[in-house]
Amino acid sequence: MTQKFPEWLKKKLKNSPHVEEMRMLLAKANLHTVCQGARCPNLNECFGRRTATFMILGERCTRSCRFCAVLRGRPEPVDAGEPERIAGAAAVLGLRHVVITSVTRDDLPDGGAGQFASTIRAVKGRIEGATVEVLTPDFQGSEAALEKVLAAGPDVFNHNLETVPRLYPEIRPEASYSRSLSLLEQAKRLNKNLVTKSGLMVGLGETEEEVRALLCDLRDAGCDVVTIGQYLQPTPQQIPVKEYVSPEVFSAYQAWGASLGFRAVLAGPFIRSSYRAAEVFAASLARAR
């Protein structure tokens, strides 16, 4: 039975003229964001700061993860002009750290890796000195697809585990915990200087012991940065919240992650994998020195 909505999850919305400006800019450029597609609770805050996480390869996903509000169905053809439009939008917004994610495209031979690579190159070619963070699907475990993305020179490689292994059949039935963990391990092996990152949601029925074991798995895989946030049911079609995790437990997870040696750990009710990504990246670099 879902618990009563707690006070710490009642977020005040701040009005900003930038929010509508962002919506108009994205619509005019025919660009998608995971902020909108996944109904992120931080949308007003991030749009108000003129930041967004660009979502490439259309807005329809080939998988049916039970926590996600992104549309499912037959995906759109790959848009060859999308990388340059993202680079242009990022330049207009004055972004120095650009975050790119995608829907999962199991229908494509390379899982969309080529579009990631093209977008990374377009951004770096358009904005001198820009850093790029990618949040990718698992590419069905293809090392060739991963190599294609890494060859374009992202500064951060992010792939979310999302939840503990026991809950994968219920929450991520088309994914594999071991495959996702292996992807992060492969990325670090292919480029030891790359910042690797992963994220998970809590409140789906996991135990604290399972979260701690997951964090150990990530460190063993060489993961540098981890984000931990509260799962919030985006629409009635997604799986209900099993538990609202207290701020004290998030603090304990953050301390545990720090003790394991992660370069950066961000844990809290409203934390999402790309939340304040530029600041988290800077913190990870500072910790590495």
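Below is a table of values for the structure above.
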| quantity | calculated |
| --- | --- |
| Of Ser259, Ser251, Ser198, the one that fluctuates the most in a GNM where the chain has Cα springs shorter than 10 Å | Ser259 |
| 14 Å tail of the calculated P(r), the stretch 153-223, as % of Cα pairs | 56 |
| Over 19 Å [Cα-Cα, the stretch 197-289], rounded percent | 38 |
| Sequence ranges 37-50, 102-115, ranked by mean other-Cβ count within 10 angstrom, highest first | 102-115, 37-50 |
| Accessible surface of the stretch 55-124, 1.4 Å probe, proportion on carbon and sulfur as whole % | 53 |
| Extension reserve of the Thr235-Arg49 stretch, reckoned as 0.36 nm per residue once the Cα distance is removed | 64.4 nm |
| 1.4 Å probe accessible area per residue over the chain, in Å² | 44 |
| Entries in Lys148/Lys188; Lys124/Lys148; Lys28/Lys124; Lys4/Lys242; Lys148/Lys197; Lys28/Lys197 that, when Cα-Cα distance is taken, lie over 20 Å | Lys28/Lys124; Lys28/Lys197 |
| Dipole moment magnitude, nearest 20 debye, the stretch 37-180 about Cα centre, only Lys, Arg, Asp, Glu C-beta charged | 340 |
| Net length gained if the chain between Ala144 and Lys11 were fully extended (0.36 nm per residue, minus Cα distance) | 43.6 nm |
| Most to least packed among 63-71, 220-228, 23-31 [average Cβ atoms within 10 Å] | 220-228, 63-71, 23-31 |
| 222 nm mean residue ellipticity, helices alone, for the chain (DSSP H n ≥ 4; -39,500 (n - 2.57); rounded to 500) | -11500 deg cm²/dmol |
| Theoretical gain in end-to-end length, Glu84 to Lys4 [0.36 nm per residue, Cα-Cα removed] | 24.3 nm |
| Relative counts (whole %) of C-alpha pair distances in the stretch 10-140, using bins that are 10 Å wide | 12, 44, 34, 9, 0 |
| Listed residues Gly58, Gly268, Gly205, most fluctuating in the chain (Gaussian network, C-alpha, under 10 Å) | Gly205 |
| Within a Gaussian network of the chain (alpha carbon springs, distance under 10 Å), most fluctuating of Val34, Val78, Val134 | Val78 |
| The stretch 231-289-the stretch 116-184 distance, computed between alpha-carbon centres (Å) | 18 |
| In the stretch 169-218, trypsin sites (Lys or Arg not before Pro) in a DSSP loop with at most 10 other beta-carbon atoms within 10 Å | Lys192 |
| Sites Arg212 and Lys28, calculated FRET efficiency, Cβ-Cβ separation with R0 51 Å, nearest 0.05 | 0.65 |
| Compactness of the chain as Cα Rg over 2.2 N^0.38 Å, two decimals | 0.94 |
| Mean separation of Cα contacts under 8 Å, 6 or more apart, over the residue count of the chain: relative contact order % | 16 |
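The values are calculated or read from the model by the stated rules, or taken from the named source; none is laboratory data. These numbers come from a predicted model, not from an experiment. Note that we place each Cβ from the backbone using ideal geometry, even for glycine, and neighbour counts take in every protein chain shown. Heavy atoms of the whole protein, side chains included, go into the accessibility calculation; ligands, DNA and RNA do not. Shrake-Rupley method; radii C 1.70, N 1.55, O 1.52, S 1.80 Å.
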